[in-house]
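Asks: Take a look at this one; I'll ask things after.
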Amino acid sequence: MEAVSLTGITPVQMLLEIGLDKMKKDYVNFFIGQELATLTSLDCFISTSVDLQEQVHCVQKLCHMLEIMVSCTVLLQFKHESLFPWTQICIKYYRENPLDEKHVFQLPVSSALVKKFYQDHPEVWKVDISSGHGPKEVKTTWQVSTNPPVEHMISNNTGLLSDSTVNAGIEEKMYFITVVKCSQVHFR
């Protein structure tokens, strides 16, 4: 058996290769074990024919996909029926694009999946909408909250929605509606 030099960068590179191999196996076992993907669909993420830096990026992509699925499972309590198509969307994106943890995935959600979250009178509901691109981008935020947008707001029922109008007087709770627009248009 040939002796391996344990000086220089060789031991570190060997440890990196072992660690990458272990992490790839763990991620693949999760996605296949949960029946969210097949080995064939994950093959581009577990290839050893690319350099170590690219293998690290592939493991980071797998990690990001796992974080998305675990968040949807643990925090939102979504089931396999929802997670499977979302996993496929993430796999498709990361097959064609570099790692981008700030990428916003457009994952389809039916109202039945989130019904439990809006049935119990939320404290804050917020929607952000962006339109246009670059200097013509306009960002609008709508927020409905049980708390006033500023502490010193005087209640004159302007911009308010009462629970009595929504739930026929079951519980009297006031909701404050706030709209904010931000535009990057430069005036000359």
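The values are calculated or read from the model by the stated rules, or taken from the named source; none is laboratory data. Just so we're clear, the structure is a prediction, and the values are computed from it rather than from any experiment. All Cβ positions, even for glycine, are placed from backbone atoms using ideal geometry, and neighbour counts span all protein chains on display. For accessibility, only protein heavy atoms count, side chains too; no ligands or nucleic acids. Shrake-Rupley method; radii C 1.70, N 1.55, O 1.52, S 1.80 Å.
Asks: Looking at this structure, is K136 basic (K, R) and modelled with pLDDT of 80 or more? First the steps, then the outcome.
Replies: Values: basic (K, R): yes; modelled with pLDDT of 80 or more: no.
It is false that K136 is basic (K, R) and modelled with pLDDT of 80 or more.
Asks: Which condition number in (1) touching a helix residue (DSSP H, G or I) at 6+ places or on another chain (Cβ under 6 Å); (2) more than 30 Å from K181 (Cβ to Cβ) is the one that E101 fails?
Replies: The one condition E101 does not meet is (2).
Asks: Here's another thing I want to ask about it. Say whether the condition of being within 17 Å of the chain's Cα centre (by Cα), free of Cβ contacts under 8 Å to residues at least 40 places away in the same chain and surrounded by 10 or more Cβ atoms within 10 Å (Cβ to Cβ) is met by at least one residue in the range 43-60.
Replies: yes
Asks: Then there is this: Does the range 21-42 contain any residue that is within 21 Å of the chain's Cα centre (by Cα), within 25 Å of S110 (Cβ to Cβ) and open to solvent by 70 Å² or more (accessible area, probe 1.4 Å)?
Replies: Yes, the range 21-42 contains at least one residue that is within 21 Å of the chain's Cα centre (by Cα), within 25 Å of S110 (Cβ to Cβ) and open to solvent by 70 Å² or more (accessible area, probe 1.4 Å).
Asks: Quick check, is K61 charged (D, E, K, R) and over 20 Å from Q34 (Cα atoms)?
Replies: Taking the combined requirement at face value, the residue does not satisfy it.
Asks: Next question. Can you report the number of residues in the range 84-109 which are surrounded by 12 or more Cβ atoms within 10 Å (Cβ to Cβ), of a type in the set (A, V, I, L, M) and assigned to a loop (DSSP other than H, G, I, E, B)?
Replies: Adding up the residues that qualify gives 3.
Asks: Go through the range 4-20 and report how many residues are surrounded by 10 or more Cβ atoms within 10 Å (Cβ to Cβ) and more than 11 Å from I46 (Cα to Cα).
Replies: Total satisfying the criteria: 9.
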